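Here is the structure we will look at.
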Amino acid sequence: MGNQVEKLTHLNYKEVPTADPTGMDRDEGPRIGVSYIFSNDDDELEQQQDSVHDLGGENPALQPYDPQLHEVECSVYYRDECIYQKSFSEEDTQLEEGDEGGGGHLSTYTPENLLNRCKPGDLVEFVCQAQYPHWVVYVGDFQVVHLHRLEVVNSFLTDASQGRRGRIANRLYRYKPLSPAAVVRNALEQVGCKDRDLSWRNSECFAAWCRYGKREFKIGGELRIGKQPYRLQIRLGDKRSHTLEFQSLEDLIMEKRRNDQIGKAAVIQELSSHLQTAEEEEEEEEDHHHPGAQTAVE
């Protein structure tokens, strides 16, 4: 999983560290993540135009969308600390004021409805089947700042949504947020930044950096040398899960967004095939070392 060939795009080399300042970094196990150092998923409009054709040319707002049906439940850990969680379990989807969908903070709303809920400094995630989620920062007066087509732009929320439903995404990441004024200032100061001057690989990394101010969301914000402290735990249902390890939060977010784009059913099928192959190889290895066991089964 994750070994697909990625489209080569620009890379801002000014922020990419080339050595481990601590000197030694002990290897602590298998590395099963993937590095997206030359990849960028925020050529979103072009890819999403293809998705619209796949959906019969209809507006995304007209498509039925059930988050629990289409979205992958997952948790992100930095060492032993949970720093992100998307879960539809009852204990994780506490009802919020005015929530009619029963999904708590993961409920989605029309762009017009979101305008009545957003406050300056809020993060908004727009979602639609077969598309990358698009994240924006609400800055007030019905406007948002977001990374779009390799440029940080200021738009009206309804325009940035492109007709998709959205949710306020303040509770997905568990970092301590900056003040609303600081979040808005971070976003507005970057308006006009584009192409090789960008320090973020996608809209989610940009929006999260504005709210939390952590360099881990920026291109080259962390070393990709040595152990892999980040874990992406994907829930497969029936109390089963699969974990991928990554050297940087940036790489992990790229894989998480790929999963969001291909959808829950495809992710489960992809991982189930992988796990089934791994289990068959383990059984063959056990049979090779213990031929008597195979005889007993037969």
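The values are calculated or read from the model by the stated rules, or taken from the named source; none is laboratory data. Since the model is a prediction, treat every value here as computed from it, not as a measurement. Cβ sites come from the backbone with ideal geometry, for glycine too, and all protein chains shown count toward neighbours. All accessible areas refer to the heavy atoms of the entire protein, side chains included, with ligands and DNA or RNA removed. Shrake-Rupley method; radii C 1.70, N 1.55, O 1.52, S 1.80 Å.
Within segment 184-200, restricting attention to residues that are out of contact with any Pro (no Cβ under 7 Å at 6 or more places or on another chain) and part of a helix (DSSP H, G or I), the residue that is surrounded by the most Cβ atoms within 10 Å (Cβ to Cβ) is ALA187.
For beta carbons closer than 6 Å, sequence separation of 6+ or different chains, a first residue in segment 248-269 that is surrounded by fewer than 22 Cβ atoms within 10 Å (Cβ to Cβ) and a second that is small (Gly, Ala, Ser), the qualifying pairs are GLU255/GLY2. Can you spot a residue in segment 229-247 that is open to solvent by 30 Å² or more (accessible area, probe 1.4 Å) and within 16 Å of LEU150 (Cα to Cα)? Within segment 229-247, not a single residue is open to solvent by 30 Å² or more (accessible area, probe 1.4 Å) and within 16 Å of LEU150 (Cα to Cα).
The condition (being under 19 Å from VAL72 (Cβ atoms), at pLDDT 95 or above and hydroxyl-bearing (Ser, Thr, Tyr)) is satisfied by just one residue among SER179, SER203, SER241: SER203. The residues listed here are SER179, SER203; of these, the one that is over 30 Å from GLU270 (Cα atoms), among the small types (Gly, Ala, Ser) and touching a residue at least 40 places away in the same chain (Cβ under 8 Å) is SER179. Whether a residue is in contact (Cβ under 8 Å) with a residue 40 or more places away in the chain and either open to solvent by 40 Å² or more (accessible area, probe 1.4 Å) or not hydroxyl-bearing (Ser, Thr, Tyr) (or both) was assessed, and ARG224 passes this test.
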